[in-house]
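The values are calculated or read from the model by the stated rules, or taken from the named source; none is laboratory data. Just so we're clear, the structure is a prediction, and the values are computed from it rather than from any experiment. Positions of Cβ are backbone-derived with ideal geometry, glycine not excepted, and every protein chain shown enters the neighbour counts. For the accessible areas, the whole protein counts, side chains as well, though only heavy atoms, and no ligand, DNA or RNA atoms are used. Shrake-Rupley method; radii C 1.70, N 1.55, O 1.52, S 1.80 Å.
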Amino acid sequence: MKELPPLTPGTLYLVATPIGNLEDITLRAVRTLRECDVIAAEDTRHTSQLLHYYEIKKPLISYFKFNEAKRSEEILERLKQGQKVALVTDAGTPGISDPGERVVRAAVTAGLRVEVVPGACAFVAALTGSGLPSEEFHFIGFLPHKSGQRRKKLESLKNSLGTLVLYESPFRIERLLEELLAIFPERKLVLAREVTKKFEEFLRGTPTDLLIEFKKRPRKGEFVVLVSSADSSTSKGAETGGDVEDEAKDFP
């Protein structure tokens with residue numbers, strides 16, 4: 001096998017990590033984590049488990065929502081000294097509904113090198129498995145917590161073309177379905193739950209269908225919520241008439 005080039009000194013590496021299944025990590029990501037000088041992690045305890053699984057021993061520093069400003073300055077100093085810094089979040093791709101955007105913007109402004117090590121991303125996996133059109137989509141991430149702000153955001157998306165993609169927690173998923181029923185009553189929805197994990201499932205139907213299903217059997221876990229386009233001609237992809245559950249997958 002041809003020898004791979006070493007990591008570039010003074011580079012910030014954005015490393016995507018598994019979103020549930022520990023096998024969903026690239027060879028390049030593993031090599032980057034092994035060869036970098038330090039790993040900036042959203043939760044050092046969580047990342048320590050991933051590193052242990054792959055027998056990687058590297059210094060860890062925390063980088064999360066409430067210390068981004070201070071830690072970004074430290075990371076920039078490390079980069080200026082020629083260190084190779086890997087940035088990871090608890091799951092998925094840094095900067096996608098997770099910390100990362102701030103330090104990337106600071107590094108770019110400072111003229112420092114940023115390199116992406118792509119991999120797992122929950123909304124991409126959910127969109128491709130949803131059956132809804134994927135040639136045009138609008139990723140929203142998490143909605144605001146406050147009811148008025150949530151409704152205002154959803155109202156602003158009523159005429160958006162392309163599939164809408166949101167993240168939601170198990171604590172607010174029924175609330176979101178009620179909001180979608182009020183604003184998008186006839187749209188086709190797909191709920192992708194626990195993507196890549198043992199109990200992964202895709203639920204399909206209208207907001208009414210899915211609310212009935214949740215009343216019968218509440219679900220736990222993280223959700224990717226997909227809403228068919230305002231253009232009815234692009235709403236043919238997902239099945240209607242109740243939910244469809246995929247078999248649970250026995251992943252590690």
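General observations
- The angle between the Cα long axis of helix 173-183 and the longest principal axis of the Cα atoms of the chain comes to about 60 degrees, rounded to the nearest 10.
- Note on surface exposure: TYR167, TYR53 rank TYR53, TYR167 by accessible area, highest first, 1.4 Å probe.
- Reported to the nearest whole Å, the Cα centre-to-centre distance from segment 161-214 to segment 91-149 is 19.
- Beta bridges per DSSP, both residues in segment 60-208: antiparallel share near 50 percent.
- DSSP beta bridges fully contained in the chain are about 45 percent antiparallel.
- Three-way shape call for segment 134-239 based on the alpha-carbon gyration tensor, with the a/c threshold at 1.5: rounded
- Cα extents for segment 22-146 along the principal axes, largest to smallest and rounded to whole angstrom: 47, 33, 29.
- When the solvent-accessible area of the chain is split by element, carbon and sulfur atoms take up 52 percent of it, the probe being 1.4 Å.
- Comparing SER130, ALA86, ASN67 along the charge dipole axis of segment 63-164, the residue lying farthest to the positive side is ASN67, per the Cβ-charge model.
- For GLU222, the amide hydrogen comes within under 5 Å of the amide hydrogens of GLU194, counting only partners 5 or more places away or on other chains and with H modelled in the peptide plane.
- Among 212-222, 169-179, the order from most to least packed when residues are scored by Cβ within 10 Å on average: 169-179, 212-222
- For ALA40, nonlocal amide neighbours, meaning residues 5 or more places apart or on other chains whose placed amide H falls under 5 Å from its own, are ILE61, ALA86, LEU87, VAL88.
- Positive minus negative residues near GLN83 (Lys, Arg vs Asp, Glu; Cβ under 13 Å): +1
- Restraint check, LYS58/LYS220; LYS65/LYS216; LYS153/LYS188; LYS188/LYS220; LYS70/LYS153; LYS65/LYS220, Cα-Cα greater than 28 Å: LYS58/LYS220; LYS65/LYS216; LYS70/LYS153
- Backbone geometry of segment 205-210 corresponds, through the Karplus equation with coefficients 6.51, -1.76 and 1.60 at θ = phi - 60°, to 3J(HN,Hα) couplings of x, 7, x, 4, 3, 6 Hz, x marking Gly and Pro.
- Contact order normalised by residue count of segment 81-126, Cα under 8 Å, 6+ apart, percent: 34 percent
- Cα lying deepest toward the dipole's positive end in segment 167-233, options VAL225, LEU180, THR196, charges on Cβ: THR196
- Rounded to the nearest 20 debye, dipole of the chain from Cβ charges on Lys, Arg, Asp, Glu: 700 debye
- Total charge dipole magnitude, segment 118-243, about the Cα centre, Cβ charges on Lys, Arg, Asp, Glu only, Debye to nearest 20: 480 debye
- Segment 6-125: relative contact order as a whole-number percent, Cα under 8 Å and 6+ apart: 44 percent
- Per-selection Kirkwood Rh - the chain (Cα, Å, 1 d.p.): 19.6 Å
- The chain, relative contact order in percent, only Cα pairs under 8 angstrom and at least six apart counted: 20 percent
- The C-alpha atoms of the chain define a longest principal axis, and helix 68-80 lies at about 40 degrees to it.
- Charge-dipole axis of the chain as Lys and Arg at +1 and Asp and Glu at -1 on Cβ define it, positive-most pick from ALA29, HIS52, GLN149: GLN149
- For PRO144, neighbours were defined as the other residues whose beta-carbon sits under 14 Å from its Cβ, and their charges (Lys and Arg +1, Asp and Glu -1) total +4.
- A simple charge model with +1 on the Cβ of Lys and Arg, -1 on the Cβ of Asp and Glu and nothing else charged puts the dipole of segment 41-82 at about 80 debye relative to its Cα centre.
- Net charge of neighbours whose Cβ lies under 14 Å from the Cβ of THR109, counting Lys and Arg as +1 and Asp and Glu as -1: +2
- Over the chain, accessible surface divided per residue gives 52 Å², non-protein components excluded, 1.4 Å probe.
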